[in-house]
Amino acid sequence: MSTKTKAYLVGGGIGSMAAAAFMIRDGHLRGANISILEAARVMGGSLDGAGDPATGYSMRGGRMLTTENYECTWDLYKSIPSLIHKGKTVFDETVEFNDKIQGELAGEAGGPPSCEGSGDFDGLLHDGPNRIAKTQPM
């Protein structure tokens, strides 16, 4: 693709982020030529997140991604290399995170959490390197 080609995506949600990743992967567009325009002060749309390792994390629209669904998402994640773990993909990291969190929540609640419905994992807060705590909705 031409180095002069530019793309402008409106909204900083998961749709624009996925579109940008597909443009890079499948359209061979340079990331530097893609602009994501967002009116809010943070990117992410309903999946925005905030926090740090010391005080914890909160994700307003967080959902547990299951491997039974989201085929296009998994296809994309399998093609994005991890920034942290050499030889792994974002898909690998997501599945490992899901397994860890489900195990931790099952230990706290006395049984495995349900992934049914739209909000089972809303309001999770990562409050340290190895713990996820339930929080009040934002």
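Within segment 35-76, restricting attention to residues that are modelled with pLDDT of 70 or more, of a type in the set (A, V, I, L, M, F, W, C) and out of contact with any strand residue (DSSP E or B) (no Cβ under 8 Å at 6 or more places or on another chain), the residue that is farthest from ASP92 (Cα to Cα) is ALA39. Scanning segment 16-56 for residues that are exposed (fewer than 11 other Cβ atoms within 10 Å of the Cβ) and not in a loop (DSSP other than H, G, I, E, B) gives GLY31, ALA32, LEU37, ASP52. For segment 83-106, the set of residues classified as of a type in the set (A, V, I, L, M, F, W, C) and free of Cβ contacts under 8 Å to residues at least 24 places away in the same chain consists of LEU83, ILE84, VAL90, PHE91, PHE97, ALA106, listed by residue number. Evaluate segment 1-11: report whether one residue or more is touching a His at 6+ places or on another chain (Cβ under 8 Å), assigned to a loop (DSSP other than H, G, I, E, B), over 19 Å from CYS72 (Cβ atoms) and free of Cβ contacts under 8 Å to residues at least 40 places away in the same chain. Yes, because at least one residue in segment 1-11 is touching a His at 6+ places or on another chain (Cβ under 8 Å), assigned to a loop (DSSP other than H, G, I, E, B), over 19 Å from CYS72 (Cβ atoms) and free of Cβ contacts under 8 Å to residues at least 40 places away in the same chain.
Within segment 71-109, being among the aliphatic types (A, V, I, L, M), surrounded by 12 or more Cβ atoms within 10 Å (Cβ to Cβ) and not in a loop (DSSP other than H, G, I, E, B) holds for LEU76, VAL90, VAL95, ILE101, LEU105, ALA106.
The values are calculated or read from the model by the stated rules, or taken from the named source; none is laboratory data. On a predicted model such as this, the values are computed, not experimentally measured, just so you know. Don't worry about glycine lacking a Cβ; one is built from the backbone with ideal geometry, like all the others, and counts go over all protein chains shown.
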